[in-house]
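The values are calculated or read from the model by the stated rules, or taken from the named source; none is laboratory data. Since the structure is predicted, the reported quantities are computational estimates derived from the model, not experimental observations. Please note: Cβ atoms are built from the backbone with ideal geometry, for glycine as well, and neighbour counts cover all protein chains shown. When the accessible area is computed, the model is the full protein with side chains, heavy atoms only, and any ligands, DNA or RNA have been set aside. Shrake-Rupley method; radii C 1.70, N 1.55, O 1.52, S 1.80 Å.
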Amino acid sequence: MTSIAFTGDIAFSGYFKNHWQKDFLDQEITEFLQNSDHVVANVECPLTDSVVTSQMEISHFSAPDAGSWFPKISADIWTLANNHVLDCGEIGMLDTIAAAHKNGATTVGAGKN
């Protein structure tokens, strides 16, 4: 049997800007995710150095290097289907897809088509 774990929203922006550099998850949660066959992470915002282009009142983006955190929870699938994926325009979304591939993950929910 294949086990698939899903995360809630993950964004390293605002108050959580540099938390990807810390060990902030409870060990039991980390082990649960690492022991799953697949982990689908809901990447809530673009991972980019680009600027915010969104006109929304609240916009999010994370540093591209934050992508290196996702392998720690074995996140091999990143879902980008959310309301913040285009906060930094198309380039932010494409940077996020590149970050996913750099960190061994596949993306679903947004892309060029």
By my count, strands (runs of 3 or more DSSP E) wholly in the chain with at least 2 residues that are aliphatic (A, V, I, L, M) and in contact (Cβ under 8 Å) with a residue 24 or more places away in the chain are 4-10, 38-43, 75-79
Picked from the range 42-78 (must be touching a helix residue (DSSP H, G or I) at 6+ places or on another chain (Cβ under 6 Å) and aromatic (F, W, Y)), the residue farthest from T30 (Cα to Cα) is W78
Picked from the range 83-110 (must be among the polar types (S, T, N, Q) and in contact with a strand residue (DSSP E or B) (Cβ under 9 Å, 6 or more places away or on another chain)), the residue most open to solvent (accessible area, probe 1.4 Å) is T106
